[in-house]
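K.L.:
I'd like to ask some things about the structure below.
Read the figures in this text as sums done on the coordinates, not as results from a lab. Everything quoted here is computed from the prediction, not taken from an experiment. Neighbour counts are summed over all protein chains in view; Cβ atoms, including those assigned to glycine, are modelled from backbone coordinates with ideal geometry.
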Amino acid sequence: MAGRVQSIRGMNDILPEQEPYWTTLEETAATVFGMYGYRRIRIPIMERTPLFARAVGEVTDIVEKEMYTFEDRGGDSLSLRPEGTAGVVRAGIEHGLLHNQSPRLWYAGPMFRYERPQKGRYRQFHQLGIEVFGQTGPDVDIEQIALAARLFRALGIGGLRLEINTLGTPAERAAWRDALHAYFSAHQAELDEDSRRRLERNPLRILDSKNPAMQELIAAAPTLRNNLGVESAAHFDQLCAGLKQLGIAYEINTRLVRGLDYYTRTVFEWLTSDLGAQDAVCSGGRYDGLVEQLGGNPVPGTGFALGVERLIALMQAQQVPLINTAPQVFLVHAGEQAAARVMALAEALRDAIPGLRLQVNAGGGSFKSQFKRADRSGAQVALVFGDAEAAGNSVQIKPMAGQGEQEEVPLEQAPQRIAALLQPH
């Protein structure tokens, strides 16, 4: 006997009652991204594995532990995308989008990481992200942080805090890496197993450790500020000044290194205290060497990704207003003449009222049972179309939730009357 079918652990269905949160977030994000000149790009959910190893970094938890990787029938190693930037850069190189251009791109969709599922962290999760190429100054970094702040305001989300840091240039980070290696080598006895493994390959990753027993040791480690060059220091100072000018509050977190190896100079995270341990809802920064690292010409880049599930959890916690996706009108009908004309009536109303969300009762039933369905649908208005109305070329219009009396209206006047009832009062 076959077992009960169910979803894969950590990969969740998004049910209709949850969908208004997704629609509200996605449509609001698309509007705000457009305000800043971003255009959408759609990239595959699967790439050749070496793309992520080269972009994300071989000595990262993502590549070492979390990617869904398999060999296809042609013998190629493929991976489901664990993040979006590498695929966007690959597409930019492959299609010439980065040649003498400064594209502003945004993407949305599922990402995949084999992690222990918990609240706010799933094996299939979703991101909205933006990327800009060809700009070296801190003005783009500032604008992207301001864009994120505007998106949160547009969604009605509050209480977020911004943390920023700089990782300098690759050469400056290499010097910092040497200093960290020397420091942690002198304290090997205090390192946990993961940190000892990272010590030789990438000691910066030790700063990502969430082990409470190591936090005091990490707090005393050398910071990049001691190895920061003049240009990188000026870039970071201008970033801070620009945020202050816009009135965007921030905290400098010198331990903020991000979980991906491609970042240079600016890194930032928007954090919340409302979701427990999973506190980052937006993360990003600058990656000036990534395009060249993946085989393109040297082109700077900067961007961020928003965690959709975490933002939706925050929207739910803060009870933000949602875009209504329920039917506005529910069409109740009964009788042979009415049945013969009801679909044409519904189409005519949809033609006459642009964007009208109208549901026609299906499956028959008494008027009483149909009105129960209308009530459950969330519709603001019910229409009654029986044989008497079909013969008289009219329709009964009934506002739901006790908002008015039922009235009979000629069919040619119905669109105007329905539209008036749907207007916000």
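K.L.:
Pick from Arg357, Arg350, Arg341, Arg373: which is of a type in the set (D, E, K, R) and under 30 Å from Arg153 (Cβ atoms)?
P.N.:
Details: Arg350 fails: under 30 Å from Arg153 (Cβ atoms); Arg341 fails: under 30 Å from Arg153 (Cβ atoms); Arg373 fails: under 30 Å from Arg153 (Cβ atoms).
Criteria check complete, one pass: Arg357.
K.L.:
I've got another one for you. State which residue pairs qualify: first residue closer than 17 Å to Arg417 by Cβ and inside the range 360-389, second residue of a type outside the set (A, V, I, L, M, F, W, C) and assigned to a helix (DSSP H, G or I) in any location, beta carbons under 8 Å apart, and separation of 6 or more residues or different chains.
P.N.:
Every condition considered, the pairs that remain are Phe385/Arg341.
K.L.:
Has the range 50-72 got at least one residue that is in contact with a helix residue (DSSP H, G or I) (Cβ under 7 Å, 6 or more places away or on another chain) and in a strand (DSSP E or B)?
P.N.:
yes
K.L.:
Take the residues in the range 98-109 that are out of contact with any Phe, Trp or Tyr (no Cβ under 7 Å at 6 or more places or on another chain) and touching a residue at least 12 places away in the same chain (Cβ under 8 Å), then tell me which one is farthest from Ala305 (Cα to Cα).
P.N.:
Within the range 98-109, the subset out of contact with any Phe, Trp or Tyr (no Cβ under 7 Å at 6 or more places or on another chain) is 99-101, 107-109.
Among the residues that remain, those that are also touching a residue at least 12 places away in the same chain (Cβ under 8 Å) are: 99, 101, 107-109.
Details: His99: 24, Gln101: 22, Tyr107: 9, Ala108: 9, Gly109: 11 Å.
That would be His99.
K.L.:
Could you count how many residues in the range 267-299 are under 15 Å from Gly84 (Cα atoms) and not charged (D, E, K, R)? Steps first, answer last, please.
P.N.:
So the first thing to find is which residues in the range 267-299 are under 15 Å from Gly84 (Cα atoms), and the list is 282-287, 290-291, 294.
In the following step, the residues that additionally are not charged (D, E, K, R) were identified as 282-285, 287, 290-291, 294.
Selection size over the range 267-299: 8.
K.L.:
Go through the range 297-323 residue by residue and tally those that are buried (at least 19 other Cβ atoms within 10 Å of the Cβ) and not aliphatic (A, V, I, L, M).
P.N.:
Of the residues in that region, 8 qualify.
K.L.:
Taking the condition surrounded by fewer than 22 Cβ atoms within 10 Å (Cβ to Cβ), under 32 Å from the mean Cα position of the chain (by Cα) and free of Cβ contacts under 8 Å to residues at least 40 places away in the same chain, does Asp279 pass? So that I can check it myself, show each step before the final result.
P.N.:
Numbers: surrounded by fewer than 22 Cβ atoms within 10 Å (Cβ to Cβ): yes; under 32 Å from the mean Cα position of the chain (by Cα): yes; free of Cβ contacts under 8 Å to residues at least 40 places away in the same chain: yes.
Considered against the rule, which asks whether it is surrounded by fewer than 22 Cβ atoms within 10 Å (Cβ to Cβ), under 32 Å from the mean Cα position of the chain (by Cα) and free of Cβ contacts under 8 Å to residues at least 40 places away in the same chain, Asp279 comes out as yes.
K.L.:
Let me ask something else. Considering only residues that are farther than 15 Å from Met35 by Cα, of a type in the set (S, T, N, Q) and in contact with a strand residue (DSSP E or B) (Cβ under 8 Å, 6 or more places away or on another chain), look in the range 104-147 and name the one that is surrounded by the most Cβ atoms within 10 Å (Cβ to Cβ).
P.N.:
Gln127
K.L.:
Tell me whether the range 93-103 contains one or more residues that are among the hydrophobic types (A, V, I, L, M, F, W, C) and under 20 Å from the mean Cα position of the chain (by Cα).
P.N.:
Residues of the range 93-103 among the hydrophobic types (A, V, I, L, M, F, W, C): 93, 97-98.
Filter again for under 20 Å from the mean Cα position of the chain (by Cα), leaving none.
So far as the range 93-103 goes, no, none of its residues is among the hydrophobic types (A, V, I, L, M, F, W, C) and under 20 Å from the mean Cα position of the chain (by Cα).
K.L.:
With respect to Pro327, is the statement that it is buried (at least 17 other Cβ atoms within 10 Å of the Cβ) and more than 17 Å from the chain's Cα centre (by Cα) true?
P.N.:
Details: buried (at least 17 other Cβ atoms within 10 Å of the Cβ): yes; more than 17 Å from the chain's Cα centre (by Cα): yes.
Judged against the criteria, Pro327 is a match.
K.L.:
Same structure again: Report, by residue number, each residue of the range 161-202 that is more than 25 Å from Pro300 (Cα to Cα) and surrounded by 19 or more Cβ atoms within 10 Å (Cβ to Cβ).
P.N.:
Once the filter is applied, which keeps residues that are more than 25 Å from Pro300 (Cα to Cα) and surrounded by 19 or more Cβ atoms within 10 Å (Cβ to Cβ), the range 161-202 yields Leu180, Phe184, Leu191, Ser195, Arg198.
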